[in-house]
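Below is one structure, written out as C-alpha cells; the observations come after it.
The values are calculated or read from the model by the stated rules, or taken from the named source; none is laboratory data. This is a predicted model, so every value here is computed, not measured. Neighbour counts are summed over all protein chains in view; Cβ atoms, including those assigned to glycine, are modelled from backbone coordinates with ideal geometry. Ligands, DNA and RNA are excluded from the accessible area calculation, which covers all protein heavy atoms including side chains. Shrake-Rupley method; radii C 1.70, N 1.55, O 1.52, S 1.80 Å.
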Amino acid sequence: KPEMSSSETEAMMMQFRESRGVLFAVAGGKLAEGVDYCNGEIRCAVVVGLPIEHKSLEQEALIEYYDRLFGRGWDYAVIFPAVNKALQATGRGIRKESDKMVAVFMDRRYGSGSCRKCLPRGFEAVQSTEPWLHFKAFFEGFTC
C-alpha cells in the first residue's frame, strides 16, 4: 500500500503510544518527518542505509549544476540531502533540550567522507559489529 490515510496514521500512532512498542517508518515519510515524538516516546532511532533519492532528471541536472559550481555535484545533490533526511528522521525524538535518545546509523558511509561532514558537531560516530555495547548504559533503568 503506497500511503496510509490520515485516519490509519492516527490509529497506528495511538496504538504505538499506548503499547510503547516498535515503530517502523520510511525516511522522508510522514512518520519520520511529520510527527513529533515527545516525553521519551522514542528512545532509539535506527536508520538503515543512506536514504538516497531515486535517480531522476532533476537530480541529474542538480549534480551537473553543482559539479560546475563547486566540483562536488554528487555531494551537494545526493549525499547531503540524504544525510539531512536521516537526521530529520532521528531528530523526531528530540524535541526539547531535556529529551535524550540513541541514534543508530547502520551504514559505514556515515562515519567517513562527505556523510561525516554533514553530521552535527560533537556527533560521535562509532563503527561496531556490536553497537548495543556502546549504548547499553543509556537504556539501563528504563522500563517499558
Mind telling me which of GLY113, GLY29, GLY122 comes out most flexible in a GNM of the chain, alpha-carbon contacts under 10 Å? GLY122
In degrees, nearest 10, the alpha-carbon axis of helix 6-19 is tilted away from the dominant principal axis of the alpha carbons of the chain by 50
DSSP-loop GluC sites (Glu not before Pro) across the range 40-144, with at most 12 other Cβ within 10 angstrom: GLU97, GLU124, GLU140
So what's Rg/Rh here for the chain, counting alpha carbon atoms and using the Kirkwood radius for Rh? 1.01
Residues of the range 83-105 with amide N under 13 Å of a point placed 7 Å along Cα→Cβ from CYS44: 101-105
Please give the per residue accessible area of the chain, computed with a probe of 1.4 Å over protein heavy atoms only, in Å². 71
Give the separation of the Cα centroids, the range 3-61 to the range 85-100, in Å. 12
Whole-percent carbon and sulfur share, accessible surface of the range 1-122, 1.4 Å: 53
Scattering curve values for the range 27-101, log₁₀ I(q)/I(0), Debye with Cα scatterers, q = 0.21, 0.22 Å⁻¹: -0.86, -0.90
Loop sites in the range 71-144: chymotrypsin sites (Phe, Trp or Tyr not before Pro), DSSP, at most 13 other Cβ within 10 Å: PHE123, PHE142
Between PRO131, MET13, ALA61, whose Cα lies farthest towards the positive end of the dipole of the range 1-138 when Lys and Arg beta carbons carry +1 and Asp and Glu beta carbons carry -1, centred on the Cα centre? PRO131
FRET E, pair ASP67, MET106, Förster distance 22 Å, beta-carbon r, rounded to 0.05: 0.15
Student exercise, the chain dipole from Lys, Arg, Asp, Glu Cβ charges, in Debye to nearest 20: 380
Do you know the relative contact order of the chain, to the nearest whole percent, from alpha carbon pairs under 8 angstrom that are 6+ apart? 26
Per the charge dipole of the range 1-143 (beta-carbon charges, Lys/Arg positive, Asp/Glu negative, Cα centre), the residue among ILE42, VAL102, ALA89 reaching farthest to the positive end is VAL102
I need the calculated FRET efficiency for the pair VAL35 and VAL126, taking r as the beta carbon distance and R₀ as 30 Å, to the nearest 0.05. 0.60
Once you have the Cα-Cα distance between ASP99 and SER114, take 0.36 nm times their residue separation minus that, and quote the gain in nm to one decimal. 2.6 nm
Under 19 Å Cα-Cα from LYS136, which lysines qualify once same-chain neighbours fewer than 8 residues away are excluded? LYS100
Looking at the range 1-74, which trypsin sites (Lys or Arg not before Pro) are DSSP coil and have at most 11 other C-beta atoms within 10 Å of their C-beta? LYS55
Determine which aspartates and glutamates satisfy two conditions relative to LYS96: a Cα distance under 12 Å, and not lying fewer than 8 residues away in the same chain. ASP36
